[in-house]
């Protein structure tokens, strides 16, 4: 398959202002290394700073591009073997078709989605060309509540920077969401752009993949959450064997969010990219984006402002609410369309998966 052209990074630069597949054949030559800050690492305790410097080369920036809407996303990932397998969050890559990972040295490589588990919000990217790569060892067992953890990510315009915090609890909300048992809750101040990055214990092992954050009314991160990963665990084995698991609940709801524009509207909300035909969202009358015949975006999708009275100022908050649903639930949704507010009811019915319809993310004018 073809190698990515030099235009690919330019398209990403034009499209990437937010959060967030054909295989190529090698790295993007002559890439200028991103700006690397020393301020955050210098604020770490000496031992943690040493750990960060040793492990940082195994972490990458993940850029995604939807070739049809020219919208992009930004996240984080990390190598788990020298051959180029990268773990990241599934929501970072879900809406894209072209993917690129950038290493600490500024080298960029095309990648493809080799496997994913939508319910766990974890995906496996396979880098095309290059290597051997530095990689992170995965954890061997359960971490301990109260221990210090280190995250490395790309939020706030910082390239592969550290975020430090405490592990607050295990099994966070596992009984009321479709996250797997063991979900980690941390005090690390993570933000958009850190999704998919590693959570590291004191020994430098990756014990989790950053998935979502909880934001307070002041816009500050109150808690961060990661999906646990262990060496030889069922989730990692399934991903490395190439399994692609879709969430039945997500199929019933039928919503894909626009990561580029979510949280950046006025008022802020979760912007819908696509609605699956026959899904609960489709029956509720919700709409995705609109494009002209040339595929250029002409109108954003509906902006979900709240669900059952709970504000949804961004897609992460909306996904958090959706993960709590069960078949038979009804959800009152407040949304905005073309500046006008409206309400609808989203009802989850027990049924076979809705038809997929067109793969085009936007309705054509």
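How do 340, 166, 234 line up, fewest other C-beta atoms within 10 Å first?
Values: 340 7, 166 13, 234 10.
By the 10 Å Cβ count, ascending, the order reads 340, 234, 166.
When the distances between all Cα atoms of the range 148-238 are binned every 5 Å from zero, what whole-number percent does each bin get?
Answer for the range 148-238: a P(r) of 3, 15, 25, 26, 19, 9, 3, 1, 0 percent.
Going by how many other beta carbons lie within 10 Å of each one, how would you line up 70, 61, fewest first?
Fewest-to-most ranking of 70, 61: 70, 61.
Give or take rounding to whole Å, what are the principal axis extents of the alpha carbon atoms in the range 182-277, in descending order?
In descending order, the Cα extents are 44, 36, 19 Å.
Within a 10 angstrom radius of the beta carbon, how do 99, 159, 257 rank from fewest other beta carbons to most?
Going from least to most buried by this count: 159, 257, 99.
Please report the relative contact order for the range 89-232, taking Cα pairs under 8 Å with a sequence separation of at least 6, and give it as a percent rounded to a whole number.
21 percent
Relative contact order of the range 212-344, please, whole-number percent, based on alpha carbon pairs below 8 angstrom and at least 6 residues apart.
19 percent
Relative contact order of the range 148-238: what whole-number percent is it, with Cα pairs under 8 angstrom and at least 6 residues apart?
Relative contact order comes out at 26 percent.
Please give the per residue volume of the convex hull enclosing the alpha carbon atoms of the range 37-191, rounded to a whole number of Å³.
128 Å³
None of the figures in this text is laboratory data; all of them are computed from the coordinates on show. Model, not experiment: these values are computed from the prediction. For neighbour counting, all protein chains shown are included, and Cβ atoms are generated from backbone atoms with ideal geometry for every residue, glycine included.
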